[in-house]
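Worksheet: one structure, shown below.
Nothing in this text is a laboratory measurement; each read-out follows from the coordinates by a stated rule. Note that the structure is predicted; figures quoted are calculated from it, not measured. All Cβ positions, glycine included, derive from the backbone under ideal geometry; neighbour counts span all protein chains shown.
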């Protein structure tokens, strides 16, 4: 079974993860896109590609060019992957601000779904 992939959309219509991806080099977009596609068609997947964070949040862990590491945070809802945040990792742990933002976006999305 494959999952549908959706970009989280803000109230103003922005798609933060799509916009972040557009800012990356073509090779990095390709790597991250392939990793997300692996999750889409292979779920459930564990380490090293996917790691559970907390509160129903997961991260796609991609090794991109110049030995950098990217993360795309997502959650699952009704056979859908909702991409809520993307960033280049600079520290050992996932930054608290990215976790908080991702959880806030998840909660907003779920509220909108109930309406």
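For the chain, set up a GNM with springs between Cα atoms under 10 Å and report which of 27, 73, 36 has the largest fluctuation.
Among 27, 73, 36, the largest mean-square fluctuation in the Gaussian network model of the chain belongs to 27.
Could you tell me what percent of the DSSP beta bridges with both partners in the range 4-114 are antiparallel, to the nearest 5? Don't skip to the end; give the middle numbers.
Details: 19 of 23 bridges.
The antiparallel proportion sits near 85 percent.
Simple spin-label model, 7 Å along Cα-to-Cβ: residue 108 to residue 18 in nm?
1.5
Under the rule of -39500 (n - 2.57) per DSSP H run of 4 or more residues, summed and divided by the residues of the chain, what mean residue ellipticity at 222 nm is obtained, to the nearest 500 deg cm²/dmol? Don't jump to the answer; show the numbers that get you there.
Working: 3 runs with 43 residues, N = 115.
Value at 222 nm, helices only: -12000 deg cm²/dmol.
Once label points are set 7 Å from the Cα along Cα→Cβ at both residue 41 and residue 100, what is their separation, rounded to one decimal in nm?
3.9
When only Cα pairs under 8 Å and 6 or more residues apart are kept, what is the percent relative contact order across the chain?
Working: 160 pairs, mean separation 29.9, N = 115.
Result for the chain is 26 percent.
Rounded, prolate or oblate: which fits the range 56-104, taking a ≥ b ≥ c as square roots of the Cα gyration tensor eigenvalues, rounded meaning a/c under 1.5, else prolate when a/b beats b/c?
On the way: a/c = 2.94, a/b = 1.52, b/c = 1.93.
Here the range 56-104 falls in the oblate category.
Can you pull the one-decimal nm distance between simple spin-label points at residue 30 and residue 80, each 7 Å off the Cα toward Cβ?
The answer from the label model is 3.1 nm.
What is the range 1-89 by shape, rounded, prolate or oblate, if you read a ≥ b ≥ c off the alpha carbon gyration tensor as root eigenvalues and call it rounded for a/c under 1.5, prolate for a/b larger than b/c, and oblate otherwise?
Working: a/c = 1.56, a/b = 1.09, b/c = 1.42.
Taking the square roots of the gyration eigenvalues as a ≥ b ≥ c, the range 1-89 is oblate.
Measure nothing fancy, just the Cα-based angle from helix 26-42's long axis to the longest principal axis of the chain, in degrees from 0 to 90, nearest 10.
Around 50 degrees separate the two axes.
Rounding to the nearest 10 and keeping the result within 0 to 90°, find how far the Cα-based axis of helix 96-114 lies from the longest principal axis of the chain.
40
Anyone know which of 34, 11, 100 comes out most mobile in the 10 Å Cα GNM of the chain?
So, out of 34, 11, 100, the one fluctuating most is 11.
Expressed in nm to one decimal, what extension gain is obtained for the pair residue 54 and residue 4 from 0.36 nm per residue of sequence separation less their Cα-Cα distance?
Numbers: separation 50, 0.36 × 50 = 18.00 nm, distance 2.16 nm.
Net length gain for the segment: 15.8 nm.
Of the candidates 13, 56, 33, which one comes out as most mobile in a Gaussian network treatment of the chain with C-alpha springs shorter than 10 Å?
Of 13, 56, 33, the Gaussian network model singles out 13 as fluctuating most.
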